[in-house]
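Please see the structure below; I have some questions.
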Amino acid sequence: MHHIKAIVTKRNGKKSTSRGFSLSELKEAALTRQDAKKIGIPLDVKRKSKHDENIQTLKAHADQAKAKPIPRETKTETAEKPKKKSKS
């Protein structure tokens, strides 16, 4: 996955990137903090503003991430690892 950045508007009207998405933007995109953490979405809990551009980005990224299943280790893969020898 590529890294996504939140866009914020400064006081002078220029747009720049932010540390992460606000909680209100996550709520509008129907995501929870846990979902964001699993997908790899950066959060900025200090931000209170919400921008429609960021909400659309979150929705698109969440749909794309849900389409790709995350590979998990199975029990057989963990059983094949060599055991450490104890020093006695």
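Coordinate-derived values only; no laboratory data. Here the structure is a predicted model, which means the values were calculated and not measured. Glycine gets a Cβ as well: all are built from the backbone with ideal geometry, and neighbour counts include every protein chain shown.
Hey, what do the phi angles of region 38-52 turn into as Karplus ³J(HN,Hα) couplings, whole Hz, using 6.51/-1.76/1.60 and θ = phi - 60°, x for Gly and Pro?
Whole-Hz 3J(HN,Hα) from phi for region 38-52: 5, 6, x, 8, x, 10, 10, 6, 6, 6, 10, 7, 9, 10, 4.
Would region 18-63 count as rounded, prolate or oblate if I go by the C-alpha gyration tensor, calling it rounded below 1.5 in a/c and otherwise prolate when a/b exceeds b/c, oblate otherwise?
Details: a/c = 1.56, a/b = 1.14, b/c = 1.37.
It is oblate, given that a/c is not under 1.5 and a/b is not larger than b/c.
Once both labels are modelled 7 Å past Cα along the beta-carbon direction, what's the ALA30-SER16 spacing in nm?
Label at ALA30, label at SER16, 3.5 nm between them.
Which pairs, out of LYS14/LYS37; LYS10/LYS46; LYS15/LYS68, put more than 26 Å between their alpha-carbon atoms? Walk me through the numbers before you get to the answer.
Details: LYS14/LYS37 29 Å; LYS10/LYS46 15 Å; LYS15/LYS68 31 Å.
Those over the limit are LYS14/LYS37; LYS15/LYS68.
Would you mind checking which residues have amide H under 5 Å from LEU43's amide H? H placed 1.01 Å from N; only 5 or more apart, or other chain.
Correct list: PHE21.
Also, quick follow-up: Arrange SER86, SER22 by Cβ neighbour counts within 10 Å, fewest through most, would you? The partial results should precede the final answer.
On the way: SER86 5, SER22 22.
Listing SER86, SER22 from fewest to most nearby Cβ atoms yields SER86, SER22.
Cβ under 14 Å from GLN56's Cβ, GLN56 left aside: what net charge do those residues give with Lys, Arg +1 and Asp, Glu -1? Mind dumping the intermediate values first?
Details: positive: LYS5, LYS50, LYS59; negative: GLU25, GLU28, ASP52, GLU53, ASP63.
For residues surrounding GLN56, the net value is -2.
What ranking do ARG33, ARG47, ARG11 get, fewest neighbouring Cβ atoms within 10 angstrom at the top?
Values: ARG33 12, ARG47 19, ARG11 5.
In increasing order of surrounding Cβ atoms, one gets ARG11, ARG33, ARG47.
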